[in-house]
Amino acid sequence: MAKHAELIARLPKAELHLHIEGSFEPEMMLALAERNRIDIPFKTLEDAKAAYAFSNLQEFLDLYYQGMNVLRTEQDFHDLTWAYLTRAEADNVRHVEMFYDPQAHTERGVAFGTVTDGILSALERGEKELGITSKLIMSFLRHLSEEDGFALLEDSKPWHEKFVGVGLDSSEVGHPPLKFERLFAECRKRGFKLCMHAGEEGPPEYVREALLDIGVDRIDHGNRSMEDPALIEILRDTQTPLTNCPLSNLSLCVIDDLRKSPVKKQLDEGLLVTVNSDDPAYFGGYIGKNYEEISVALDLGSDDLIQLARNSFTGSFLSESEKAAHLAEIDSALQHLRM
Ligand code: ADE
Ligand code: ZN
């Protein structure tokens, strides 16, 4: 059992960086392929798992978009989301802010409402049956154009009150934040929180653009910020949340060893870093495993782990009173552990 495993299991957590399509386990992919009578390149679990070896972000994305081709019906999206929530519950996740990629579905003919309603009905069920609260973040694909993004923003209008914010993901290098400057300004005007993947593979300048030119509320990944001391200072001063994903970083060769994860340095620098799973079905573990592995690799103390759990709520889009209630739950969980 990993050091601090009990503490990690007992700590209430929020997950702030999770792509629901990245929680599509190969078992479910094979089952839905059969249910929807779709041919897929994998015939067995072993075939699928053997393909999950990536040397960069693009290799992963190619498989990620191929995998989701099996998702067709509202029930598929409901089942996918429900499966994630039951796993999150096992890791004591109390709140999730979930990304999804509508353009990856509408482009292949699955209607926006089919995808969104399937996810939303599972999120509502998660709150009722598991007590896990949630917020949904609509993500734009950055390899597509800003015009495509505006089209999605218009098409999604009837659902806007269901989203807390918007995100930007997919192939980073060559698609800087400023490519989407007008789109994100419009999203801000409409009241959405703004998130962008930045500094995963892209340079620190992309994080600067996201933060200083776009004015994002949260940076997803942000690893390469650590190459720029002045940027570290800005991140500390603004307490902009960073959603780090250790096992993702390792799988996508952002780092070649978990011991090179920036999480401990970011904690020590006073940054608002959080630990998340990103695409857990592809990267070998859900949020609990991310906490456990990073704890061992970086020799984290219990104070570090408690800080990470606290940061997950502080960095969320919950209200101040909701955040305070979750932080009090952490205190109470710790009291029970010490008894
Ligand atoms: N979409 C799903 N996972 C992603 C990641 N780690 N980076 C960029 N886009 C993604
Ligand atoms: Zn991501």
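Quick rundown of the values:
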| item | result |
| --- | --- |
| Filtered residue count, the stretch 60-96, keeping only those that are charged (D, E, K, R), crowded, with 16+ Cβ neighbours inside 10 Å and part of a helix (DSSP H, G or I) | 4 |
| So Gly288, is it in a helix (DSSP H, G or I) and within 19 Å of Gly315 (Cβ to Cβ) | yes |
| Single match in Leu16, Leu32 (criterion: touching a helix residue (DSSP H, G or I) at 6+ places or on another chain (Cβ under 8 Å) and either in contact (Cβ under 8 Å) with a residue 60 or more places away in the chain or surrounded by fewer than 17 Cβ atoms within 10 Å (Cβ to Cβ) (or both)) | Leu16 |
| Filtered residues of the stretch 286-308 (kept if aliphatic (A, V, I, L, M) and either free of Cβ contacts under 8 Å to residues at least 40 places away in the same chain or farther than 12 Å from Leu267 by Cβ (or both)) | Ile287, Val296, Ala297 |
| Any hit, the stretch 309-319, residues being more than 24 Å from Pro204 (Cα to Cα), without any contact (Cβ under 8 Å) to a residue 40 or more places away in the chain and either assigned to a helix (DSSP H, G or I) or more than 16 Å from ligand 2 (Cβ to nearest atom) (or both) | yes |
| Some residue of the stretch 181-191 being within 14 Å of ligand 2 (Cβ to nearest atom) and within 23 Å of Leu242 (Cα to Cα) | no |
| Residue check for Leu231: hydrophobic (A, V, I, L, M, F, W, C), surrounded by fewer than 24 Cβ atoms within 10 Å (Cβ to Cβ), touching a strand residue (DSSP E or B) at 6+ places or on another chain (Cβ under 7 Å) and in a helix (DSSP H, G or I) | no |
| Filter pass, Ala309 being buried (at least 18 other Cβ atoms within 10 Å of the Cβ) and under 22 Å from Leu168 (Cβ atoms) | no |
| Top-ranked residue of the stretch 132-152 - restricted to ones that are touching a strand residue (DSSP E or B) at 6+ places or on another chain (Cβ under 8 Å) and over 23 Å from Ala122 (Cα atoms), ranked as surrounded by the fewest Cβ atoms within 10 Å (Cβ to Cβ) | Asp148 |
| Pairs where the first residue, in the stretch 45-56, is without any contact (Cβ under 8 Å) to a residue 12 or more places away in the chain and the second is surrounded by 10 or more Cβ atoms within 10 Å (Cβ to Cβ) and outside any helix (DSSP H, G or I), C-beta under 8 Å, 6+ apart | Asp47/Pro41 |
| Tally, over the stretch 44-81, of residues that are over 25 Å from Asn249 (Cβ atoms) and of a type in the set (Lys, Arg) | 1 |
| Identity of the residue in the stretch 212-245, hydroxyl-bearing (Ser, Thr, Tyr) and within 16 Å of ligand 1 (Cβ to nearest atom), that ends up nearest to Gly202 (Cα to Cα) | Ser225 |
| Failed item, numbered, when Arg87 is tested on (1) more than 16 Å from ligand 1 (Cβ to nearest atom); (2) touching a strand residue (DSSP E or B) at 6+ places or on another chain (Cβ under 6 Å) | (2) |
| Selection from the stretch 234-261 of residues that are surrounded by 15 or more Cβ atoms within 10 Å (Cβ to Cβ), farther than 15 Å from Ala210 by Cβ and away from ligand 2 (no atom under 16 Å from the Cβ) | Leu258 |
| Any chance Val110 is buried (at least 20 other Cβ atoms within 10 Å of the Cβ), without any contact (Cβ under 8 Å) to a residue 40 or more places away in the chain and under 15 Å from Leu71 (Cβ atoms) | yes |
| Meets criteria (acidic (Asp, Glu), crowded, with 18+ Cβ neighbours inside 10 Å and away from ligand 2 (no atom under 15 Å from the Cβ)) for Glu209 | yes |
| Qualifying residues in the stretch 153-178 (those that are over 20 Å from the mean Cα position of the chain (by Cα) and buried (at least 16 other Cβ atoms within 10 Å of the Cβ)) - the one nearest to Ser261 (Cα to Cα) | Leu153 |
| Top-ranked residue in the stretch 166-180 [being farther than 13 Å from Ile219 by Cβ and touching a strand residue (DSSP E or B) at 6+ places or on another chain (Cβ under 7 Å); ranked as nearest to ligand 2 (Cβ to nearest atom)] | Ser170 |
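None of the figures in this text is laboratory data; all of them are computed from the coordinates on show. This structure is a prediction, so every number in the text was calculated from the model and none was measured. Here the Cβ is made from the backbone with ideal geometry for all residues, glycine too, and neighbour counts use every protein chain on show.
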